[in-house]
Amino acid sequence: DLYNFRLIRPDTKVYGIIGKPVGHSKSPLLFNAAYKSVGLNAVYLHFLVDDVEKFFNTYSAIDFASGCSCTIPHKEAALKCMDEIDPIAKKIGAINNIVRRPDGTLTAFNTDYIGAIAAIEDGLRELNGVSPGASPLAGKLFVVLGAGGAGKSLAYGAAQKGARVVVANRTFERAKELAEKVGGQATTLAEVENFHPEEGMVLANTTSVGMKPKIDDTPLAKHALKRYCLVFDAIYTPKETRLLREARETGAVIVYGTEMLIRQGFEQYKNFTGLPAPEELFRTLMEKHA
Ligand code: ATR
């Protein structure tokens, strides 16, 4: 009963996820259940899309679609089809959430960075208590491992919150390029093992090191984790990577990659509907269909 077909009418709002491949995406499951839970006359479909520009040329001309999510390999190419782009998403160079305004224009967001940063901020609040106003990331030394798409998201997101960013990447040139853009420092993955300038640092892994099936790998040795108060891993297969397990054993607060995944979904739902996300429903469905 994924799509509730009997309920589709001419005025039903149509959302979906565009990607290739796309059939594995759990977004239709989550969004259709969410729409149903609040009685919204809307459906959310899988769109297998080859040529993203062609898709948007058609999509903008026809009057049916209300918004869409955007996944691999279209997160960058879709940028040039937008009328308006969230400034940080533009800097990151990738979008994953597109809202069609009533006048037909397309506005794009990157909810990956918003979801990851929100999860990390909540982790820090758990540690330090809630102080109103400023982000708990303000002034923190924030080390990002990796300088690919996810690395950019974390680096720009943390810099926007006032963190002091260090980008560590296997290929130093890529670290340097990203660090310069966010006003941070650059180093290599090898050198970051000996980087312990202060207590209470935050670590975010965005490399693929430790991902299934190579679950015994880790991007940073356990002895180098001592001065981090919080460690986030963007990897979500396995749920707890070796990095997170060792960080937990070292006494850091850990934030799972699944948190980024689920929270980016909350943000998409809010942008699509203007309503608060049904967080418990999303969490229950994600667990049930893990
Ligand atoms: P994503 O969009 O998920 O960030 P990506 O753009 O392909 O993916 O970036 C992958 C990141 O993981 C890069 O920072 C890459 O380092 P390089 O820039 O040196 O390629 C890093 N990475 C991938 N495999 C790695 C490995 N075996 N050891 C260290 N870093 C690795």
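Looking only at residues in segment 1-18 that are assigned to a loop (DSSP other than H, G, I, E, B) and of a type in the set (Val, Ile, Thr), which one is modelled with the lowest pLDDT? So the residue we want is 8. If the condition is being modelled with pLDDT of 95 or more and over 12 Å from the mean Cα position of the chain (by Cα), then segment 138-154 contributes 138, 139, 140, 141, 142, 143, 144, 145, 146, 147.
Residue check: residue 180 meets all listed conditions (1) closer than 23 Å to residue 114 by Cα; (2) touching a residue at least 12 places away in the same chain (Cβ under 8 Å) but one, namely (2).
Quick one: which of 243, 225 is within 16 Å of the ligand (Cβ to nearest atom) and farther than 30 Å from residue 39 by Cβ?
On the way: 225 fails: within 16 Å of the ligand (Cβ to nearest atom).
When all the criteria are applied, what remains is 243.
Taken over segment 247-290, the criterion of being farther than 16 Å from residue 40 by Cα and part of a loop (DSSP other than H, G, I, E, B) is satisfied by 251, 252, 256, 289, 290.
Surrounded by fewer than 17 Cβ atoms within 10 Å (Cβ to Cβ), under 22 Å from residue 164 (Cα atoms) and among the small types (Gly, Ala, Ser): does that describe residue 200? It is true that residue 200 is surrounded by fewer than 17 Cβ atoms within 10 Å (Cβ to Cβ), under 22 Å from residue 164 (Cα atoms) and among the small types (Gly, Ala, Ser).
Cβ-Cβ distances below 7 Å connect the following pairs, each with a first residue in segment 207-220 that is at pLDDT 95 or above and of a type in the set (A, V, I, L, M), a second residue that is in a loop (DSSP other than H, G, I, E, B) and within 13 Å of the ligand (Cβ to nearest atom), and a separation of six or more residues or different chains: 209/217; 209/218; 209/219; 211/235; 211/237.
Within segment 101-118, the set of residues being surrounded by fewer than 21 Cβ atoms within 10 Å (Cβ to Cβ) and over 19 Å from residue 59 (Cβ atoms) comprises just one member, 118.
Among the residues of segment 83-104, none qualifies, meaning not one is within 28 Å of residue 209 (Cα to Cα), at pLDDT 95 or above, away from the ligand (no atom under 16 Å from the Cβ) and of a type in the set (Asp, Glu).
Residue 273 satisfies every condition listed in (1) surrounded by fewer than 18 Cβ atoms within 10 Å (Cβ to Cβ); (2) in the same structural domain as residue 68 (by TED's automatic domain parsing) except (1). You will find that of 134, 147, the residue that is over 29 Å from residue 43 (Cα atoms) and surrounded by fewer than 13 Cβ atoms within 10 Å (Cβ to Cβ) is 134 and no other. Which of the helices (runs of 4 or more DSSP H) found entirely inside segment 19-106 contain at least 2 residues meeting this: over 21 Å from residue 270 (Cβ atoms)? By residue number, 52-61. Quick one: what pairs do we get from segment 257-271, first residue of a type in the set (Lys, Arg), second in a helix (DSSP H, G or I) and surrounded by fewer than 24 Cβ atoms within 10 Å (Cβ to Cβ), C-beta under 7 Å, 6+ apart or different chains? Every condition considered, the pairs that remain are 263/115; 263/118; 263/119.
Residue 251 fulfils the conditions (1) crowded, with 23+ Cβ neighbours inside 10 Å; (2) at positive phi except for a single criterion, (1).
The values are calculated or read from the model by the stated rules, or taken from the named source; none is laboratory data. None of the values given here were measured: they were computed from a predicted structure. So basically every Cβ, Gly included, is an ideal-geometry build from the backbone, and we count neighbours across all protein chains shown.
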